[in-house]
Amino acid sequence: MKKIKDLVLVNDYCKGFNLSTLHPFVTIVDLSEGNLIAKDKTSLLRYHFYGVFLKQGDACVIKYGRKNYDYQDGTLVFVAPGQLVNITHIPENYKPAGYALLFHPDLIRGTNLGNNIDTYSFFSYELNEALHLSERERQIVLDCFDKIRFELTQGIDKYSKSVIVSNIELFLNYCTRFYGRQFITRDLVNVGIIEKFESSLNTYILSGKIKEMGTPNVSYFANEQHLSPNFLVI
């Protein structure tokens, strides 16, 4: 059985890439500035903080909960405290790329964001679908990261925490909007597929093929629409 590695502090994640943190409870890291130093190329990680990762490249497989995480180059991946992430198929000479926003629950405790963090459902195991970004949305994400990083690099004062937390909350609200766009887009695509399926089925029946060839299987209609049978079944 694979040993679980606990990432308790934000710095525990950063150390794995030979990177330093900007703040004990929150940081923005550019993964291209670091190197994966862990010898074990297969990792089962338990996070004790929130993580949002802007992926660059599609190397490695992430198993999140009981399913593989649906992600690809240029997507956002979300992880919440207490969740296990199984990372496999890391290539030899792997060079990390992308960005990570990491923040500890202690940072947001007692704030508006802390009181409402559970409303951001994309941190849940139930949603193992990454957020696929347009170029414009990706730029908004990077702008949010830049604002948080800028504040972290300034001298810490009594306003720092509220400004940082407010920017994280703004970023998460953008993510909520982007997910809404993603689901609407996919729903429209699925409606089109259903309409094509119904049309193909009616054509099949009216042509008399059902008498000659019997009831068609899923593969028949999948081939007609240039889709995989599994896609239609799902």
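Any read-out appearing in this document is the output of simple, stated calculations on the displayed coordinates, not a laboratory observation. Predicted model only: the values in this text are computed from it and were never measured. Please note: Cβ atoms are built from the backbone with ideal geometry, for glycine as well, and neighbour counts cover all protein chains shown.
Within 10 Å of each residue's Cβ, count the other Cβ atoms and sort Ile156, Ile148 from fewest upward.
By the 10 Å Cβ count, ascending, the order reads Ile156, Ile148.
What nm distance separates the two modelled labels at Leu142 and Tyr174, each placed 7 Å from Cα along Cα→Cβ?
1.1 nm
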